[in-house]
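Derivation of every value follows stated rules applied to the coordinates shown; laboratory data play no part. A quick note: this is a predicted structure, and the numbers were derived from the prediction, not measured. All Cβ positions, glycine included, derive from the backbone under ideal geometry; neighbour counts span all protein chains shown.
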Amino acid sequence: MSETFLSVFWKSLSPMQKRMLTIGVFLVISMMVTLAGTLYPLSTEEANDIDKSFNQTMDALESMPPSSQATYIFGNNVFICLLAFIPIIGAFLEFYILFSTGVTIAAITYNAANPSLSFLLLFIFPFTWLEFIAYSIGISEGAWLFWRIIKHRGKRELLNACTFIAISVVLLLAAAFIEIAIIVALS
């Protein structure tokens, strides 16, 4: 039986290269899912409702001191990221959240700017990259954990999961403080 190119390629990779490739694939998928959310057709009423809810959250956030803002952003992002580590279900939850983020971007830029372009412009900020990488690590590790459980090697994979959770938390902590620093600098 001849092996496919992808099978041969996959087998030629080291375990770390396989992990990095998986994270990279989920990073691209995560960006595409969020971008798809920006294309979701919204009525004026839907856009206004989402925008109003977003602005209420932002007003509450702005009333906090910067350190509390960073803590809030960090806590919210860690919760979202931890969901991604749940095998199978986590990926669906994460993609739903990312799609909803795209829809929110579409709502807050409704009739003012191109929502897809607005989303892509967020990648000029390092915190956007850090958040998407952390979420992609979570989705990737959820997939690896599922695969290892099927192969009856789940206990061994739990150590990797803990390592990747720690890495994701550090990335999200840095992202939160960078985001607040940029907001403070721009205001």
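Key figures for this structure:
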quantity	calculated
Options Lys11, Lys52: the member that is of a type in the set (D, E, K, R), more than 30 Å from Thr109 (Cβ to Cβ) and assigned to a helix (DSSP H, G or I)	Lys11
Inter-residue pairs, beta-carbon under 7 Å, first free of Cβ contacts under 8 Å to residues at least 24 places away in the same chain and more than 23 Å from Asn77 (Cβ to Cβ) and in segment 134-158, second loosely packed, with under 14 Cβ neighbours inside 10 Å and of a type in the set (D, E, K, R), 6+ apart	Arg148/Arg156
Identity of the residue in segment 106-126, in contact with a Leu (Cβ under 9 Å, 6 or more places away or on another chain) and within 17 Å of Glu179 (Cα to Cα), that ends up surrounded by the fewest Cβ atoms within 10 Å (Cβ to Cβ)	Leu120
Any hit, segment 93-101, residues being out of contact with any helix residue (DSSP H, G or I) (no Cβ under 7 Å at 6 or more places or on another chain) and hydroxyl-bearing (Ser, Thr, Tyr)	yes
Scope segment 92-119; condition outside any loop (DSSP other than H, G, I, E, B), more than 11 Å from the chain's Cα centre (by Cα) and touching a residue at least 40 places away in the same chain (Cβ under 8 Å); matching residues	Ser100, Gly102, Val103, Thr104, Ile105, Ala106, Ala107, Ile108, Pro115, Ser116, Ser118, Phe119
Number of the exception - Leu82 against (1) touching a residue at least 60 places away in the same chain (Cβ under 8 Å); (2) under 16 Å from Ser140 (Cα atoms); (3) buried (at least 21 other Cβ atoms within 10 Å of the Cβ)	(3)
